[in-house]
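Everything below concerns the one structure shown next.
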Amino acid sequence: MLARVLSAAVTGIDASVVSVEVDVAPGLPAFTMVGLPDSTIRESRDRVRSAIRNAGYIFPMERMTVSLAPADLRKEGAAFDLPIALGILAATGLVKSEALRRFLLIGELSLDGEVQPVRGVLPIALACRREGLAGLLLPAANSREAAVVSGLTVLPLRRLSDAVEWLAGERVIEPIHMAAEGPTGAESADEVDFSEVRGQAHAKRALEIAAAGGHNVLMIGPPGAGKTMLARRLPTILPPLSLDETIEVSAVSSVAGLLPPDGGLVTVRPFRAPHHTISDRGLIGGGSVPHPGEVSLAHLGVLFLDEMPEFPQHVLEALRQPLEDGHVVVARAAGSSRFPARFQLLGAANPCRRGCPSLQACLCTPGERERYLARLSRPLLDRIDLHLEVPAVSYVELSAEAAGESSAAIRARVLEARAIQAARFGKSPIRVNARMSASQVRRSCPVPADGRRLLALAIDRLGLSARGHDRILKVARTIADLEGRETIAAEHLSEAIQYRGLDRWL
């Protein structure tokens with residue numbers, strides 16, 4: 001007898017509906033699985049056999065063939081355990097229900113028939129709604145994650161018997177309802193604030209510009225100057241995630257298995273700070289079956305690279321494509337996967353290899369200092385809008401009793417500048433100045449006559465590339481937006497140019 005059950009496979013952060021077809025026919029006992037399953041799925045035959053028996057049902061001792069269609073789509077993970085088990089029971093006549101054609105099933109089975117949580121439930125729920133299906137039967141631990149997708153009936157399962165009895169009409173399972181809420185307004189888990197930063201007014205100003213326009217930043221300064229402290233407070237002045245952005249970020253975390261234990265969505269912008277020993281696969285993503293890397297886990301948030309020159313150069317160079325395109329494509333023999341990677345890069349570096357506290361006390365020669373910073377290639381620096389020098393903090397600034405400006409006050413100005421940009425770009429997918437195309441730069445960043453002379457002098461003295469020229473205009477546009485000005489003035493260009501400090505060194 002033939003039975004068909006619907007399930008789903010995740011590729012990148014997108015999911016596709018998979019038809020699990022089970023045929024039970026007379027013959028010597030055998031269990032054959034086809035349709036590009038990975039080793040985890042092939043092992044499911046043993047989990048499914050034990051789960052069916054320990055749940056109190058009869059496992060057929062006949063010839064069984066399980067096909068996962070479409071056959072050219074690679075499948076991975078243990079989420080196919082539940083649909084395979086129910087397909088076998090349906091093929092033997094134990095389960096007869098029209099719901100198998102309208103509901104999608106996912107879940108891993110333990111040997112005693114308990115339904116275990118799986119990864120990638122949010123993309124699967126979105127695919128289920130896209131295909132017009134009625135709903136999902138899935139592990140209870142994943143039910144809150146799927147319930148944020150409106151228009152779906154989400155039925156939580158704890159054991160295999162729950163699904164069998166519901167399909168037979170012998171059990172009532174209450175659907176899970178959960179409103180998909182926007183941001184909570186929480187700033188970070190540590191409740192950090194810019195008011196705690198002493199001094200560094202110039203650095204705070206630069207980070208405010210970066211937050212307002214979505215610009216990348218590189219901070220250079222001696223150890224203990226506060227680079228990491230500043231970096232960890234950048235998310236506190238970024239705008240809260242919209243509902244669509246919340247779902248985007250949560251989809252990446254769902255695929256990576258990093259959603260909160262309660263199954264809720266990610267409501268604060270990500271802040272990722274990988275160690276400098278990370279591999280290019282860990283940073284960009286990869287594997288035989290591609291998984292998201294740090295650049296995708298930082299999507300719509302901040303990627304902080306501390307001690308940036310200490311990262312392997314080939315790892316840093318791999319950042320160039322996601323910085324430019326906002327996504328990563330990982331190609332493998334079995335196919336390619338695309339992961340989103342629109343993040344703000346925030347780098348930090350010491351001015352020399354030894355990390356000396358000041359230039360006067362530095363034991364490195366000028367050549368050694370230049371070679372150390374030269375580990376950051378010119379093409380990579382071209383993609384970083386703000387080059388920021390962070391000096392050591394004086395005792396007077398450290399001992400000051402007055403607190404600095406709060407993150408809430410800075411964020412209010414950032415939100416006003418972002419609103420100006422949203423109105424300027426209208427229905428365009430571009431939302432911040434840093435992502436403007438060349439044509440948008442020409443339209444939105446007209447340069448006054450005195451500004452042209454200043455820009456020409458800067459290009460001549462600093463040796464700026466065409467990309468560096470456009471980066472200056474984008475930063476100047478953001479500075480004007482923070483002041484509520486419709487046009488760019490010479491002083492805006494002047495401030496933007498002084499954030500290109502490394503161009504004169506390399």
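The values are calculated or read from the model by the stated rules, or taken from the named source; none is laboratory data. Just so it is clear, the structure is predicted and the values come from calculations on it, not from any experiment. Quick reminder, even Gly has a Cβ in these numbers, built from the backbone with ideal geometry, and neighbours come from all protein chains shown. Heads up: the accessible areas ignore ligands, DNA and RNA and are worked out on the full protein's heavy atoms, side chains in. Shrake-Rupley method; radii C 1.70, N 1.55, O 1.52, S 1.80 Å.
Figures for the structure shown
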| item | result |
| --- | --- |
| Region 359-404 versus region 34-93: alpha-carbon centroid distance in Å | 58 Å |
| Contour excess over end-to-end distance, with Cα ends at residue 34 and residue 494 and 0.36 nm allotted per residue | 159.2 nm |
| Amide H partners (placed H, <5 Å) of residue 33, local residues excluded | 66 |
| Amide H partners (placed H, <5 Å) of residue 136, local residues excluded | 104, 153, 154, 155 |
| Percent RCO, i.e. relative contact order, over region 1-148, from Cα pairs under 8 Å lying at least 6 residues apart | 29 percent |
| Those lysines that a straight Cα-Cα span of less than 29 Å connects to residue 96, excepting residues fewer than 8 apart in one chain | 75 |
| Beta bridges by DSSP in region 82-161, antiparallel share as percent, to the nearest 5 | 25 percent |
| 0 to 90° range, to nearest 10: angle between helix 201-213 axis and the chain longest Cα axis | 50 degrees |
| Size of charge dipole - the chain - debye, nearest 20, with Cβ of Lys, Arg +1 and Asp, Glu -1, no other charges | 1200 debye |
| Computed lengthening from residue 428 to residue 461, 0.36 nm per intervening residue step minus Cα-Cα distance | 8.3 nm |
| Convex hull volume per residue in cubic angstrom - Cα atoms of the chain | 163 Å³ |
| Among 441, 64, 328 - extreme Cα towards positive end, dipole of the chain, charges at beta-carbon | 441 |
| Contact order relative to length of the chain, as percent, for alpha carbon pairs under 8 angstrom and 6 or more apart | 13 percent |
| J(HN,Hα) series, region 246-253, from Karplus relation 6.51 cos²θ - 1.76 cosθ + 1.60, nearest Hz, glycine and proline x | 4, 5, 4, 5, 5, 5, 5, 5 |
| The chain - Cys residues lacking any other Cys C-beta under 4.7 Å | 128, 445 |
| Difference of contour (0.36 nm per residue) and Cα-Cα distance, residue 396 to residue 72 | 109.9 nm |
| Distance in nm between pseudo-label sites at residue 383 and residue 279 (7 Å out along the Cβ direction from Cα) | 2.1 nm |
| Per residue accessible area of the chain, 1.4 Å probe, in Å² | 43 Å² |
| Residue 469/residue 416 FRET efficiency (R0 45 Å; Cβ-Cβ; nearest 0.05) | 0.95 |
| Inter-part distance where region 126-153 and region 270-349 are each reduced to a Cα centre, Å | 30 Å |
| Shape of region 28-80, Cα gyration tensor, a/c cut at 1.5 | oblate |
| Binned Cα-Cα distance frequencies in region 398-506 - 5 Å width, integer % | 2, 11, 20, 20, 17, 12, 9, 5, 2, 0 |
| Share antiparallel - DSSP beta bridges, the chain, percent rounded to 5 | 50 percent |
| Those residues of region 214-232 whose amide nitrogen sits under 13 Å from the label point placed on residue 375, 7 Å along Cα→Cβ | none |
| Prolate/oblate/rounded label for region 297-422 (Cα gyration tensor, a/c 1.5) | oblate |
| Residues of type aspartates and glutamates that residue 204 reaches as a straight line, Cα spacing below 15 Å, ignoring anything fewer than 8 places off in the same chain | 193, 196, 389, 397, 405, 495 |
| Distance (nanometres) between label positions extended 7 Å along Cα→Cβ at residue 49 and residue 63 | 1.8 nm |
| In degrees, nearest ten, helix 81-91 long axis to first principal axis of the chain (Cα) | 30 degrees |
| Overall Cα dimensions of region 98-235 - principal axes, largest extent first, Å | 69, 32, 21 |
| Region 242-385, relative contact order in percent, only Cα pairs under 8 angstrom and at least six apart counted | 21 percent |
| Carbon/sulfur fraction of accessible area - the chain, other protein chains in place, 1.4 Å, % | 52 percent |
| Under 21 Å from residue 427, Cα to Cα: lysines that are on another chain or at least 8 residues apart | 474 |
| Interchain or long-range residues, amide H under 5 Å from residue 219's placed H | 347, 348, 349, 388 |
| Between 0 and 90°, nearest 10: helix 44-54 axis offset from the chain longest Cα axis | 50 degrees |
